[in-house]
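One structure below.
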Amino acid sequence: MFLMKDIVRDGDPILRKTAEKVKFPLSEKDKKLAQDLMEYLEVSQDEKQAEKLHLRAGVGLAAPQVGVSEMMASVLVPADEDSESDKPVFKDVIINPLIVSNSVQRGALTEGEGCLSVDKDIPGYVHRSARITLDYQDVDGKKHEVRLRNYPAVVCQHEIDHLHGILFYDHINKDNPFKKEENELFFY
Ligand code: NI
């Protein structure tokens, strides 16, 4: 499985490249990559295991972040703490993802964003779309179209950015990091 030492850090040119589309059926290598990308998130969200293995908790991990320039990312947004169900809000390996529509409404996380590839805290609002419609293929090649809003929408936009060489802080206003955009929603 991946450990922090396997995660490519900001400054590596692979994080600024556009990734290659993935071909189906997946090669054995790509199947293993998909499994490993999801495993990192599962293990990193388990407090005890994360501490033992020195993993930073993550809700998304894109292939370029482990040195593979392919259009693949794992996303695991756990259930809300106050929710009765343990079922994750969103969990899948998204392959060849494409955002087919963006809301006019903008959105940002109150606490800003972080990234496993960026070691330092970069404060500021990361302006995104509040809602998206996302098309992607899963590991079996099955096509999905999902509507996402708020936090899971932000996570998917962050991961898809990684496949296009964009990092979260690119969306922060350099002159005024906490300037709000017009018609912008804030959420956790
Ligand atoms: Ni990231």
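The values are calculated or read from the model by the stated rules, or taken from the named source; none is laboratory data. It should be emphasised that the depicted structure is a prediction, and the values quoted were computed from it without experimental measurement. Because the Cβ atoms are built from the backbone with ideal geometry, glycine has one as well, and the counts that use them run over all protein chains shown. Quick note on the areas: whole protein, heavy atoms, side chains included, nothing else; ligands and nucleic acids left out. Shrake-Rupley method; radii C 1.70, N 1.55, O 1.52, S 1.80 Å.
Residues in region 134-180 that are among the polar types (S, T, N, Q) and within 15 Å of the chain's Cα centre (by Cα) were compared, and the one that is nearest to the ligand (Cβ to nearest atom) is 157. All of (1) charged (D, E, K, R); (2) closer than 19 Å to residue 41 by Cα; (3) part of a loop (DSSP other than H, G, I, E, B) hold for residue 159 with one exception: (3).
Pick from region 69-88 the residues that are out of contact with any His (no Cβ under 7 Å at 6 or more places or on another chain) and touching a residue at least 40 places away in the same chain (Cβ under 8 Å): which of them is surrounded by the fewest Cβ atoms within 10 Å (Cβ to Cβ)?
Quick first cut of region 69-88, residues out of contact with any His (no Cβ under 7 Å at 6 or more places or on another chain) only: 69-72, 74-88.
The next check asks that each one be touching a residue at least 40 places away in the same chain (Cβ under 8 Å); those that pass are 69-72, 74-75, 77.
On the way: 69: 16, 70: 20, 71: 23, 72: 29, 74: 25, 75: 29, 77: 19.
The extreme case among them is 69.
Just checking, does region 20-37 include any residue being surrounded by fewer than 19 Cβ atoms within 10 Å (Cβ to Cβ), closer than 17 Å to residue 70 by Cβ and in contact with a Ser or Thr (Cβ under 8 Å, 6 or more places away or on another chain)? Yes, region 20-37 contains a residue that is surrounded by fewer than 19 Cβ atoms within 10 Å (Cβ to Cβ), closer than 17 Å to residue 70 by Cβ and in contact with a Ser or Thr (Cβ under 8 Å, 6 or more places away or on another chain).
When residue 53 is tested against (1) touching a helix residue (DSSP H, G or I) at 6+ places or on another chain (Cβ under 8 Å); (2) within 14 Å of the ligand (Cβ to nearest atom); (3) open to solvent by less than 70 Å² (accessible area, probe 1.4 Å), only condition (2) is not met. Screening the candidates 109, 116 for the property of being in contact with a Gly (Cβ under 6 Å, 6 or more places away or on another chain) and under 19 Å from residue 170 (Cα atoms) yields one hit, 116.
Residue 25 meets all of the listed conditions (1) without any contact (Cβ under 8 Å) to a residue 60 or more places away in the chain; (2) out of contact with any Leu (no Cβ under 9 Å at 6 or more places or on another chain); (3) not charged (D, E, K, R) but one, namely (1). Assess whether residue 15 counts as being crowded, with 16+ Cβ neighbours inside 10 Å, touching a residue at least 40 places away in the same chain (Cβ under 8 Å), out of contact with any Asp or Glu (no Cβ under 6 Å at 6 or more places or on another chain) and not in a strand (DSSP E or B). Yes. The one condition from (1) away from the ligand (no atom under 13 Å from the Cβ); (2) out of contact with any Leu (no Cβ under 7 Å at 6 or more places or on another chain) that residue 119 does not meet is (1). The single condition among (1) touching a residue at least 60 places away in the same chain (Cβ under 8 Å); (2) over 22 Å from residue 154 (Cβ atoms); (3) not in a loop (DSSP other than H, G, I, E, B) that residue 43 does not meet is (1).
Return the total of residues in region 89-113 being part of a loop (DSSP other than H, G, I, E, B) and either open to solvent by less than 50 Å² (accessible area, probe 1.4 Å) or in contact with a helix residue (DSSP H, G or I) (Cβ under 7 Å, 6 or more places away or on another chain) (or both). The qualifying residues number 5.
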